[in-house]
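Reading through the structure tokens given below for one structure.
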Amino acid sequence: MTRKHYNEETKKLRKWKIGTILVLAASAFGANTIFAEPKEPQNLEPAYHIYHDTSYLGAVSDDVPIDELIQGKIAETAGDYEHLRLAASDKLTIVTEQTTTSNVRNDEAVISQLGDQLAIKAEAFALQVDGEPAVYVKDRKAYDETIKLAKETALSGEELTEFEQQQTAESLPTLKAGESRIVDVSFSEPVNGLSKQADPQEVMGPEQAAEHLTEELGVDVFVHKAEKALKKVPYETIEKDSKEVYAGETKVSQKGKRGEKAVSYAVREKNGERIGRSVTREKVLTEQVEKIVLEGQKELPGVGTGEFTWPADGGYVSSKKGPRWGRAHKGIDIARPETLDIVSADHGTVKAAGAAGTFGNRVIVDHNNGYETIYAHLSSIDVKVGDKVSPHTKLGDMGTTGRSTGIHLHFELSYDGQDRDPLDYVKK
């Protein structure tokens, strides 16, 4: 006997009538048959044996009713699924036999039984996840569109098109700083497709199939990218002792400069969100330059130079030397500085440090050359009597102690006991 699955349209239905088997009337096995001289040809009749799944339904003497049954069922189903290609279930198998047996067959009963069991299927394309059919679409074109839409949940259509074009390029340009390139797009589970029959109601459109794949089945989309960026390299600060700089002072002998390097990264994204980045290569473009700071070791002279520096960190003169509020204002007031640091205006020795009546917290520096300076209304004092100081040595913090109307520094300068106008000696 010859078998063929019954799963094509009418013009192909008769292809399963391709073989014949001669069955002798005396016995199907002919164990006792003796063949002699050729006899007259016997009359052969066709028999169509019908199998559905693994069950034998019976035989009929004419295949036309089978054709009509299948076409009728397709017509009934096609109204709801005009976009699909329908066919008899591939569980139907017809075996054609040529026989001399004239057994009486009940064709109508067999066809009726076939009608009860036969299902109409869609010739579809199955999208398999990890080897198991998970989603059915119309055809290979719909399958490709489904895969594309699923991937576009993690990247844009333009990015996907560019990635696909890269796959056929002979070579790709070297990435520049600030650029990135997709190197791979994959699913969290193996996904492939093959032609397979399905119930028509199970066949989805590409949009629905892609959503089912990613949302319902939880298949993630991984995107691997290569990125390149410029990165600044911080410089180190090196401190060195120097006998060329006064103790307590520092001097920058070499300015620091940041370096620069090109860094290549491997980036991993899951469903459009970055989940990892690792360095794959680094190339130094510019070496960093160390900052060298000299720490003063030179003994302070204790004798001023006669040249004075501004005693505050910025600020402005809020009140000058001269008559004020019915009495003499012997110095200047400095207010609104950048920071509250108060520093010595020249080399010298701390003569007094502490509370002093209306001055509040006050420091007096004797510059040992006839000059003295006074720093008043400090909120705190950082030196003590006898300390040697140099220009920019911190004496304390600006405040509003003593008789004061706000945070400021009262600064006086005298020579041989005679008050002098500080503005004649210091500049901001």
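The values are calculated or read from the model by the stated rules, or taken from the named source; none is laboratory data. What you see is a predicted model, and the numbers here were worked out from it, not measured in a lab. Please note: Cβ atoms are built from the backbone with ideal geometry, for glycine as well, and neighbour counts cover all protein chains shown. All accessible areas refer to the heavy atoms of the entire protein, side chains included, with ligands and DNA or RNA removed. Shrake-Rupley method; radii C 1.70, N 1.55, O 1.52, S 1.80 Å.
Taking θ = phi - 60°, what integer Hz values does the Karplus form 6.51 cos²θ - 1.76 cosθ + 1.60 yield along the stretch 301-308, in sequence order, with x for Gly and Pro?
Ordered by residue, 3J(HN,Hα) equals x, x, 10, x, 8, x, 10, 10 Hz.
Taking every pair of alpha-carbon atoms in the stretch 57-113, give the share separated by more than 16 Å as a whole percent.
For the stretch 57-113, the fraction of Cα-Cα distances above 16 Å is 53 percent.
Using 0.36 nm times the number of residues separating D424 and L230, minus their current alpha carbon distance, what extension gain do you get? Intermediate values should be presented prior to the final figure.
On the way: separation 194, 0.36 × 194 = 69.84 nm, distance 5.18 nm.
That works out to 64.7 nm of additional length.
Roughly speaking, what is the stretch gain from D107 to V289, that is 0.36 nm per residue apart minus the C-alpha to C-alpha distance, in nm to one decimal? Numbers along the way, then the final one.
Values: separation 182, 0.36 × 182 = 65.52 nm, distance 9.90 nm.
Roughly 55.6 nm would be gained on extension.
Please give, to one decimal in nm, the separation of the simple spin-label points placed at L217 and E68, each 7 Å out from Cα toward the Cβ.
Between L217 and E68, the label points sit 4.3 nm apart.
Can you pull the percent of the stretch 77-169's accessible area that's carbon plus sulfur, 1.4 Å probe, other chains left in place?
42
Going by alpha carbons, how many degrees (0 to 90, nearest 10) lie between the helix axis of 157-166 and the longest principal axis of the chain?
With both axes taken from Cα atoms, the answer is about 80 degrees.
Any number yet on Rg/Rh for the stretch 342-428, C-alpha, Kirkwood?
0.94
Give the ranking of T237, T214, T146, T405 by solvent-accessible surface, highest area first, calculated with a 1.4 Å probe.
Largest accessible area first, the residues go T405, T237, T214, T146.
Would you kindly work out the equivalent ellipsoid of the stretch 109-252 from its C-alpha gyration tensor and give its semi-axes, the square roots of five times the eigenvalues, largest first in whole Å?
Semi-axes (√(5λ), whole Å): 62, 17, 10.
Using a 1.4 Å probe and ignoring any ligands, DNA or RNA, find the accessible area of K251 and quote it in Å² to the nearest 10.
120
If you take the square roots of the eigenvalues of the alpha-carbon gyration tensor of the chain and sort them as a ≥ b ≥ c, do you get rounded (a/c under 1.5), prolate (a/b over b/c) or oblate?
Cα axes put the chain in the prolate bin.
Once you've got the Cα coordinates, tell me which of K228/K257; K151/K228; K251/K427; K232/K394 are over 26 Å apart.
On the way: K228/K257 23 Å; K151/K228 24 Å; K251/K427 21 Å; K232/K394 34 Å.
As for pairs spanning more than 26 Å Cα to Cα, those are K232/K394.
If you build a Gaussian network model of the chain, linking Cα atoms that sit under 10 Å apart, which residue out of K321, K232, K270 swings the most?
In the Gaussian network model the winner is K321.
Can you give me the % of accessible surface on the stretch 315-391 that is carbon or sulfur? Probe 1.4 Å, all protein chains present, nothing else counted.
Details: 1780 of 3540 Å².
Ligands and nucleic acids excluded, carbon and sulfur give 50 percent.
Indicate, rounded to the nearest 5 percent, the antiparallel portion of the DSSP beta bridges found entirely in the chain. Don't skip to the answer; put the middle values down first.
Numbers: 107 of 118 bridges.
Among the beta bridges of the chain, antiparallel pairing accounts for roughly 90 percent.
Once label points are set 7 Å from the Cα along Cα→Cβ at both D90 and E244, what is their separation, rounded to one decimal in nm?
Distance between the two pseudo-spin positions: 8.9 nm.
Thinking of the stretch 377-428 as a set of Cα atoms, what percent of all their pairs are more than 13 Å apart?
The proportion of pairs with Cα distances above 13 Å equals 70 percent.
For Q128, which sequence-distant residues (separation of 5 or more, or a different chain) have an amide H within less than 5 Å of its own amide H, given hydrogens modelled in the peptide plane?
Sorted by chain and number, the residues that satisfy this are A134, N192, G193, L194.
With each run of n ≥ 4 DSSP H residues scored as -39500 (n - 2.57), what mean residue ellipticity at 222 nm is computed for the chain after dividing by its residue count and rounding to the nearest 500 deg cm²/dmol?
Values: 6 runs with 58 residues, N = 428.
Computed ellipticity for the chain at 222 nm equals -4000 deg cm²/dmol.
Residue by residue through the stretch 60-73, which ³J(HN,Hα) values in whole Hz follow from phi under the Karplus form 6.51 cos²θ - 1.76 cosθ + 1.60 (θ = phi - 60°), with glycine and proline marked x?
Along the stretch 60-73, the couplings run 10, 8, 9, 8, 4, x, 5, 4, 5, 4, 5, 5, x, 5 Hz.
How far, in nm, would the chain grow between V279 and W325 when pulled straight, counting 0.36 nm per residue and subtracting the alpha carbon separation? Walk me through the intermediate numbers first.
Values: separation 46, 0.36 × 46 = 16.56 nm, distance 7.01 nm.
The V279-W325 span can extend by a further 9.6 nm.
What list of ³J(HN,Hα) values in whole Hz, one per residue of the stretch 395-400 in order, does the Karplus curve 6.51 cos²θ - 1.76 cosθ + 1.60 (θ = phi - 60°) give from phi, with Gly and Pro shown as x?
My calculation for the stretch 395-400 gives 9, x, 10, 4, x, 9 Hz in order.
Could you do me a favour and compute the accessible area per residue for the chain, 1.4 Å probe, result in Å²?
Spelled out: the 1.4 Å probe surface of the chain, per residue, equals 58 Å².
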